Structures are given as structure tokens and as C-alpha cells.
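Worksheet for the structure shown next.
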Amino acid sequence: MMKMPLTSVKSGVMEEYANGVYGLTIQIVNVYFIFNRDSREVVLIDAGMPKSASFILDEAERQFGDFKLKAIVLTHGHFDHVGALRELLDTSSVPVFAHPKELPYLTNKSDYPPAKPQIKDGLVAKLSPLFPRHSIDISANVKPLPEDGSVPFLNGWKWLETPGHTPGHISLFRQSDRTLIAGDAVTTVEQESLFEVVIQKQELNGPPAYFTMDFMEAADSIRKLAELQPASLLTGHGVPMTGANFSQELFDLSNRLPVS
């Protein structure tokens, strides 16, 4: 697995955060497995850091035993969310679902804009211009998510547009137990700070500022998530928060985002 100088104390930890929803931390980012115990099928949410495919699959086998990877759903296409994608597809050529507005970054048509390290202080923010921002090409596998908000192979889940961090960022919500997989629309760590990332201090924050393209849209997206009244908040960065109604905290967060 690729080793960057950004690795947290939670790296390698896998836990069940909601019924059938397991999170695995890979250095600084979380991927999620939604496991159907009856069919033994898994839908993977995001694809982690580069060179982590074997780690992802090994940990899934350790947790679930024999399983079948059915599909991959991407919250967005940043390097730490698609890093192992091509390796995973070499192992199992499954469909990959993403928002149509994210497809240019997944079909080698557009690169993400340069990082903005000046938006918020912190060593990770200062390092962000060094992070990859190029597109990848998974044209043979990637498909747009259904327009009706359903999520293929995941009964009871809906996807929601939560742009701002990227144009086609999405989040996933299961109404039955109010489980929210927020991607980077919100985080539960101050992602700009190396110290906070390493120790994984749990606190509610906005999307990583250095890569957020539109803060007004990001704030609107957080308010949309607040209206869902989530009881479990599973984020792309930071230790998930569970066991409460996070609606008011999310509304408050939306008013604290940077303005540029």
C-alpha cells in the first residue's frame, strides 16, 4: 500500500458503524462496505488511497469471509477516494456509479483545479498543492447514478446531490435508521491540520478547504444533509459519529464555512 507522510492512528481499523455498514480507514481516508448478509454481496463506497486495493480486499475477506463485490459507488473523484479503483477493477470488473457531473474527472476529460492552500491554515493545507488532482479513465466501467435517486444494488438507500467540494459530489442516506454516508461534504476531523489528522481528534468540520471548489454550494449541501436529521454520520475523513441527531450541529457548521 502506498505510504504518504499523512497517516492516522486509525489507519487499518475496520468497524461496523450501522447495520451492515462497515468503515475502513486507509491512512487518512475512509472507505465503506455495505454488506448484504443474505446474498454475501458487498457494495464499496469510494476506493481509498493508491495501491490499497489488496488491503481493501483482504480486510473485506477478513470481516465477511467469502463475499462478492457487486459494485462501487463514488462520492466524488479526488485521488484519495479513487486511488485503488483501477486495481480493484482489474481484480473484479464491476460497475462504478457516480454523479454525471463527476464523470469528466473519471473519463480523462477534465482535471480538478489547483489546490487552494491559503483558504485555511494547517500543514496538510500547505502540502495540498503536491496532492494529485489529475483525472483517471475508467470509461469502460463508470455509469451515471439513476436519476430517480435510487442506488443500484442497495435497497433502502438514496443518493443526494451534495456539490461544493466537487461539482458532482454525492452523499448516501438510508431512511430506515437515518444513516448518512457523507463523503467529503462534511468531515469529522480538521483535515487541514496534520496533527488533528494524525490523532483523529473527532470534531465536526466542513469539507477539506484546500480542494473545495464552491463554498456557497458546500454550505447549501450541508444544510440539505441537516434536514435529513441523520443519526449516524459516516464521513470520508475522521472517525464517524453515531448515536445522536446531528441536525443542529450541521446547520451550525454550514454557517461557519469560509466564504471564498
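No value in this document is a laboratory result; all are computed from the given coordinates. Source: prediction; values computed, not measured. Reconstructed Cβ throughout: ideal geometry from the backbone, glycine too, with neighbour counts over all protein chains shown.
Worth a mention:
- Neighbour-count ranking [beta-carbon atoms within 10 angstrom, fewest first] of Met213, Met241: Met213, Met241
- Prolate/oblate/rounded label for segment 48-89 (Cα gyration tensor, a/c 1.5): prolate
- Taking Ala18, Ala244, Ala218 in turn, the Gaussian network model of the chain (Cα-Cα springs below 10 Å) assigns the largest fluctuation to Ala244.
- For the chain, share of DSSP beta bridges that run antiparallel, in % to the nearest 5: 65 percent
- Around the Cα centre of segment 14-254, unit charges on the Cβ atoms of Lys, Arg, Asp and Glu (plus for the first two, minus for the last two) sum to a dipole of about 280 debye.
- Counted by neighbouring Cβ atoms within 10 Å, the residues Met14, Met216 run from fewest to most as Met216, Met14.
- Within the listed set Gln202, Gln248, Gln27, the Gaussian network model of the chain (springs between alpha-carbon atoms below 10 Å) gives the highest mean-square fluctuation for Gln248.
- Choice from Asp177, Asp38, Asp66 with maximal GNM fluctuation in the chain (Cα, 10 Å cutoff): Asp38
- Per-q log10 I(q)/I(0), segment 1-78, q = 0.15, 0.16, 0.23 Å⁻¹ (Debye; single scatterer per alpha-carbon; no solvent): -0.48, -0.55, -1.12
- Classification of segment 189-236 by its C-alpha gyration tensor yields an oblate form. The axis ratio a/c (a ≥ b ≥ c) is 1.5 or more, and b/c is at least a/b.
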